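To start, the structure itself, in structure tokens.
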Amino acid sequence: MPFANKYRFTMQIPEAGRSLGGFLVESSEVAHDERGDGTIRYPVSLVLVGAGGQSAVRREVSARFGCGRTTFSGFGNPYQLQFGRFEVESLGARRYRVTAVGMGVRIDLERELRRFVAYARSRRAAVTDALLISYLEDYRRDVTRRNPELAY
């Protein structure tokens, strides 16, 4: 299971003192709650400071966290992560609290890729086990980088 710090890293949630677009991050909290059904909840709370109002905060948060990402747990299991629906609350004095509950869902990437290989072979496309293994190795290395190189 990816713990809160791995979720923060993978989703690129800034820590206090950093910026999020045109906003300074005053506080940043991320926790995790394993559900037992293969899913993990990640309660997130950010306090942002800056000009532009709630609509500007919404734009920044949507742009930064709008797409899901994939990571691997410490045991090597792949998880699909999402930021989740978020709320923005004005705290006055150009301060805004953003709260969300992110989700992590374990996926069986190798099984899915093997299914794809079977599909491709049934249509006589050139996909080999060596290619699949090579892809998985590159994929596992790449999703742990801060700036992924592969486009998936």
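The values are calculated or read from the model by the stated rules, or taken from the named source; none is laboratory data. What you are looking at is a predicted structure, and each value in this text was computed from that prediction instead of being measured. All Cβ positions, glycine included, derive from the backbone under ideal geometry; neighbour counts span all protein chains shown.
Those residues that are touching a Ser or Thr at 6+ places or on another chain (Cβ under 7 Å) and in a loop (DSSP other than H, G, I, E, B), I need them from region 1-38; list them, please.
Result: M1, P2, I13, P14, E15, A16.
Please specify each residue of region 59-94 satisfying the condition of being of a type in the set (S, T, N, Q) and assigned to a strand (DSSP E or B).
Residues satisfying the conditions are T70, T71, Q80, Q82, S90.
Looking only at region 108-130, filter to residues that are in contact with a helix residue (DSSP H, G or I) (Cβ under 9 Å, 6 or more places away or on another chain) and outside any helix (DSSP H, G or I); which one of those is surrounded by the most Cβ atoms within 10 Å (Cβ to Cβ)?
Across region 108-130, the extreme among qualifying residues is V127.
In this structure, is R97 assigned to a strand (DSSP E or B), farther than 21 Å from M1 by Cα, modelled with pLDDT of 75 or more and within 23 Å of the chain's Cα centre (by Cα)?
When the stated conditions are applied, R97 passes them.
Kindly indicate whether E89 is closer than 30 Å to G17 by Cα, surrounded by fewer than 16 Cβ atoms within 10 Å (Cβ to Cβ) and at pLDDT 75 or above.
For E89, the condition - closer than 30 Å to G17 by Cα, surrounded by fewer than 16 Cβ atoms within 10 Å (Cβ to Cβ) and at pLDDT 75 or above - is met.
When the residues of region 39-58 are filtered to those that are in a strand (DSSP E or B) and not aliphatic (A, V, I, L, M), which remaining residue is farthest from R111 (Cα to Cα)?
S45
Looking only at residues in region 33-46 that are of a type outside the set (F, W, Y) and touching a residue at least 60 places away in the same chain (Cβ under 8 Å), which one is farthest from Y7 (Cα to Cα)?
G38
Residues checked against (1) touching a residue at least 24 places away in the same chain (Cβ under 8 Å); (2) within 15 Å of the chain's Cα centre (by Cα):
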{"site": "L48", "(1), (2)": "yes, no"}
{"site": "S55", "(1), (2)": "no, no"}
{"site": "E60", "(1), (2)": "yes, no"}
{"site": "F72", "(1), (2)": "yes, yes"}
